[in-house]
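The values are calculated or read from the model by the stated rules, or taken from the named source; none is laboratory data. Because the structure is predicted, anything quoted here is derived from the model rather than measured. Ideal geometry is used to build each Cβ from the backbone, glycine not excepted, and the neighbour counts take in all protein chains shown. Accessible surface areas use protein heavy atoms only, side chains included; no ligands, DNA or RNA. Shrake-Rupley method; radii C 1.70, N 1.55, O 1.52, S 1.80 Å.
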Amino acid sequence: MAKRALVTGVSGQDGSYLAELLLDEGYEVYGFVRRLSLENYDRIEHILDKITLVEGDLLDEYSIMDAVSSVNPDEIYNLAAQSFVPTSFAQPMLTAHYDGLGPLRWLEAIRRLKPDTRFYQASTSEMFGKVREVPQRETTPFYPRSPYGVAKVYAYFITVNYRESYGLHASNGILFNHESPRRGLMFVSRKITDGVARIKHGLDTELRLGNLEAKRDWGFAGDSAKAMWLMLQQDEPDDYVIAMGHEHSVREFCEIAFSRVGLDYNDYVVVDPAFYRPAEVERLLGDPTKAREKLGWEDKVSFEDMVAMMVDADMERYRKAARNA
Ligand code: NAP
Ligand code: G4F
């Protein structure tokens, strides 16, 4: 019989890649979605006829309990979150409710209703924040620098706690930044590749960014989805860092993205302090040794290829829009 997976955040970047992967693996896939005034299923449009959507919200424990009882899942991947760091400074309470207590609601529902369900929690390198060691690994102490990071630390430890207290098969993927053409436009990677395409098409003359010296360990979202799935296939639940093991600055990202279309970023990028954060995470660099050794996980798309893929996709989008106009 096909295994059943319930994916929260299925309409998001990671959820869409994970749903594709689970379908390829022969799962019955259920997506947990909240009601919006306008549906935003762009990222999953191509698989909507193959998955089943279940309505609910991270704030609403009854909808979460109903989802667990009606789907009766073998695996739950909790990807839903308020995932944008600057918004967490503007809406810290909402972020705590979604990103901190949301995972607890899933864990409680599993504990009460179906304790053999395997659970994946979307933890993050943002928990390392003001980093205590370089590179960061599973044993590196956390020092979050945003309400988002703080909420995710709570979620991380409540996942560990339910594993240790109740024997749940609950795992944390501590994922470093991962991007794709499906990335939200407000994140720096997509803001840059979209900006490059707009400038190249004559729709903009500049790109305003914040801290160009910040460094991230950027990978490809499709590769990250594979890691999530592998974690729940292990006999024992555990926590894993998923990263490329290379760091690049925002400046370097700009350089590669602009040069992809024959432009020099120095001619277009304007530093705007409006995009600085109250507290910054200056650099993140992960050590994925444990995931490589225990899960057999490996990244398939290099940083440079991923930037090129994103620029090409945004260029094509504007080309198409111009053709249709
Ligand atoms: P994303 O594109 O922002 O997607 C977030 C998803 O969560 C969307 O489907 C969104 O639904 C859903 N959601 C938000 N609030 C909800 C609520 N109250 N109830 C139900 N659903 C809700 O994020 P992502 O990049 O795919 O990231 C997935 C997860 O991994 C997040 O938990 C994020 O914090 C974590 N993470 C991401 C990265 C990364 O680099 N991408 C790295 C580490 C960890 P709508 O479509 O309705 O908004
Ligand atoms: O792309 P970002 O907004 O991603 P950030 O803050 O690292 O968070 C992402 O990765 C986390 C994993 O570490 C996830 F947990 C989280 O959900 C999210 O997916 O910013 C990256 C860096 C920051 O240092 C920021 O200050 O880019 C810098 N930056 C410079 N100019 C900018 C900009 N970021 C944004 N969003 N916009 C700018 O104009």
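Some observations on this one:
- Folded to 0 to 90 degrees: helix 13-24 orientation relative to the chain principal axis, Cα: 60 degrees
- Counting only alpha carbon atoms, the long axis of helix 303-324 and the longest principal axis of the chain meet at about 70°.
- Helix content alone sets the calculated 222 nm mean residue ellipticity of the chain: runs of n ≥ 4 DSSP H residues at -39500 (n - 2.57) each, divided across all residues, give -12000 deg cm²/dmol.
- Taking a Cβ cut-off of under 10 Å around Gly12, the surrounding Lys, Arg, Asp and Glu residues balance to a net charge of +2, with basic ones at +1 and acidic ones at -1.
- Positive minus negative residues near Val71 (Lys, Arg vs Asp, Glu; Cβ under 11 Å): -2
- Distance between the modelled labels on Glu236 and Glu55, one decimal in nanometres: 4.4 nm (7 Å Cα→Cβ projection).
- Across all directions, the average flat footprint of the convex hull enclosing the Cα atoms of the range 202-325 is 10.1 nm².
- Cα-based convex hull volume of the range 185-231 per residue, rounded to whole Å³: 101 Å³
- Most mobile of Gly184, Gly173, Gly202 in a GNM of the chain (Cα contacts under 10 Å): Gly202
- Mean accessible surface per residue for the range 168-325, computed with a 1.4 Å probe while every protein chain stays in place, in Å²: 44 Å²
- Distance-filtered residues of the range 215-230 - backbone nitrogen under 11 Å, label point 7 angstrom along Glu282 Cα→Cβ: 215
- Helix axis angle, 250-260 relative to the chain longest principal axis, alpha carbon, degrees: 60 degrees
- Euclidean distance of C-alpha centroids, the range 56-82 and the range 232-266, integer Å: 30 Å
- Area projected by the alpha carbon convex hull of the chain, averaged over all directions, nm²: 16.5 nm²
- Pairs with C-alpha atoms separated by more than 21 Å, drawn from the list Lys50/Lys320; Lys3/Lys50; Lys130/Lys152; Lys191/Lys320; Lys3/Lys290, are Lys50/Lys320; Lys3/Lys290.
- The chain: relative contact order as a whole-number percent, Cα under 8 Å and 6+ apart: 17 percent
- For Ile174, neighbours were defined as the other residues whose beta-carbon sits under 12 Å from its Cβ, and their charges (Lys and Arg +1, Asp and Glu -1) total -3.
- Take every Cα pair under 8 Å whose residues are at least 6 apart in sequence, average their separation, divide by the length of the range 17-76, and the relative contact order is 32 percent.
- Fully extended contour minus Cα-Cα distance, from Glu164 to Tyr143, at 0.36 nm per residue: 5.3 nm
- Pairs of Cα atoms nearer than 8 Å and 6+ residues apart set the relative contact order; for the range 168-254 it is 47 percent.
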